[in-house]
Amino acid sequence: MTTQRRMNLVAYLKTGPTASHPGGWRHPEATLDDIFEPARYEHLARVLEAARFDAGFFADTFGLPDLHRGGYETYLGLGGQISYLDPMAVLPLMARVTTRLGIGATLSTTFNTPYYLARTLASLDLLSKGRICWNVVTSATDMEALNFGLDEIPPKDERYDRGDEVLEACCALWDCWQEDALVLDKAGGRFADPSKVRRADYAGKYVRTRGPLSIPRSPQVRPVFLQAGASPRGRAFAARWAEAIFCSPHAKADAQAFYADIKQRMAAFGRRPEACAVLPSVSIVVGETESVAREKADYLNALADPELVLATNSQMLGVDLSRHETEADVVTAAGNQGIQGSHDRVVQLARAEGISFAAAARKRRSQFVGTPQSIADEMEDWFTDGAADGFVVWPTVFPRMFEEFGRLVVPELQRRGLFRTEYAGATLRENLRNP
């Protein structure tokens, strides 16, 4: 008997008041006084697990974005996406109050060593009993590079070449301990079997590590790899490593093209299509009726300062959009900086609406706006028509949006048989592969 295919859902998170929507923090129902309170993140974890999300992961930028108008004044002053806490500090809080929800953070292969990455992630995976996700990034701005002691961000292909080596080295380190290496025999005085622990002895062009880790094998052996590569080199990296891909297409047709390309690239690495979930990002505004939903969206969007929208896109494209407007000028000025997926989305929006690149770069991201039924209709259409294996859900108003989505949209998806009613397994990898 054929089992019905079901979608995956992952929440996009920030350790701050603003994630995808530049005006969400200004909404009367957005909470601001709890940014540094553990209860904020514990409540979020409980909400996502009650809605049966696969995971929530924290996006991260390693510093204060300062490309727009030559400084961080706009981004900081108007409330842009900033990590006010290191996400790694809140993951244990979320793991402690849940039993099935996957939790993840963004960590850079450009700035971190394999041993540090492998040790930290293995520790969290052990403590969470196999529920950790690593959003693998190669980073994209000189600002971040300067914060880590580099003069500038390396070229994109070099960053991905290093990224391949870092993941190879991490996997070698995670494989140092056999599953039964710990003996824990008090009577016999035998704590562990050294013959079941080996060195990694990894040496590449960019990184090397001897090992072994001091951390025993975790329930998943390694964390789930999430990735968002969109350039040709980035897509090849994702096709090799990713178990879930976070992408940001403008429209369904763009998502379909990306989906088909990734699945084809996976075959070149001997991977089956179902080994990686392609998850377009969506922002949701839900109402009891279509008119209520539209009214809520209009009010929310009116809170977004146009200057912050431009500053946000400046950061994503790796160039000051107050000084550069044409696509060719932006590409030249960005150099090694910028996120290809964000650039592609602006191009797709400009083409779809018949507007200039500069005009498209001044627009907010689109939203799914409607009733639980109409939003489920749109998600189902993408899911069943070769555009998605599920979705990364961006928040608008925190925590209300996730609460409403779990209370209103998830039951509609469940009623249609498109989403789980209970978790299938104990680890994130089990649930991601068995939605």
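The values are calculated or read from the model by the stated rules, or taken from the named source; none is laboratory data. What you see is a predicted model; the values in this text were computed from it and never measured. Ideal geometry is used to build each Cβ from the backbone, glycine not excepted, and the neighbour counts take in all protein chains shown.
Hey, any hits in region 233-254 for a residue that's touching a Gly at 6+ places or on another chain (Cβ under 8 Å), assigned to a helix (DSSP H, G or I), under 30 Å from Arg407 (Cβ atoms) and in contact (Cβ under 8 Å) with a residue 12 or more places away in the chain? So far as region 233-254 goes, no, none of its residues is touching a Gly at 6+ places or on another chain (Cβ under 8 Å), assigned to a helix (DSSP H, G or I), under 30 Å from Arg407 (Cβ atoms) and in contact (Cβ under 8 Å) with a residue 12 or more places away in the chain.
Ile103 falls short on exactly one of the conditions (1) over 21 Å from Leu428 (Cα atoms); (2) at pLDDT 95 or above; (3) crowded, with 22+ Cβ neighbours inside 10 Å, and that condition is (1).
Within region 321-339, if we keep just the residues that are buried (at least 19 other Cβ atoms within 10 Å of the Cβ) and free of Cβ contacts under 8 Å to residues at least 60 places away in the same chain, the residue that is nearest to the chain's Cα centre (by Cα) turns out to be Ala334.
Looking for something among the hydroxyl-bearing types (Ser, Thr, Tyr) and more than 26 Å from Val137 (Cβ to Cβ) - is there at least one such residue anywhere in region 190-200? Yes, that holds for at least one residue. Under 30 Å from Asp344 (Cα atoms), surrounded by fewer than 15 Cβ atoms within 10 Å (Cβ to Cβ) and not basic (Lys, Arg): is that true of Ala236 in this structure? So Ala236 fails the test. Scanning region 107-137 for residues that are free of Cβ contacts under 8 Å to residues at least 60 places away in the same chain and more than 15 Å from Pro92 (Cα to Cα) yields Leu107, Ser108, Thr109, Thr110, Phe111, Asn112, Tyr116, Leu117.
Starting from residues that are assigned to a loop (DSSP other than H, G, I, E, B) and within 20 Å of the chain's Cα centre (by Cα), keep the ones in region 36-59 and report whichever is farthest from Tyr423 (Cα to Cα). Of everything passing the filter in region 36-59, Ala59 is farthest from Tyr423 (Cα to Cα).
Scan Ser342, Ser283 and give me the residue that is touching a Lys or Arg at 6+ places or on another chain (Cβ under 7 Å), in contact (Cβ under 8 Å) with a residue 40 or more places away in the chain, within 18 Å of Phe246 (Cα to Cα) and buried (at least 16 other Cβ atoms within 10 Å of the Cβ).
Every option except Ser283 fails the conditions.
Taking the conditions (1) farther than 18 Å from Pro87 by Cβ; (2) over 18 Å from the mean Cα position of the chain (by Cα); (3) not hydroxyl-bearing (Ser, Thr, Tyr) in turn, His21 satisfies each one other than (2). None of Ala51, Ala39, Ala30, Ala55 is small (Gly, Ala, Ser) and without any contact (Cβ under 8 Å) to a residue 12 or more places away in the chain except Ala39. If you check Ala352, Ala302 for being among the hydrophobic types (A, V, I, L, M, F, W, C), closer than 30 Å to Lys263 by Cβ and in contact (Cβ under 8 Å) with a residue 24 or more places away in the chain, only one passes: Ala352.
Flag not set for Asp180, criterion: under 24 Å from the mean Cα position of the chain (by Cα) and on the phi < 0 side of the Ramachandran plot.
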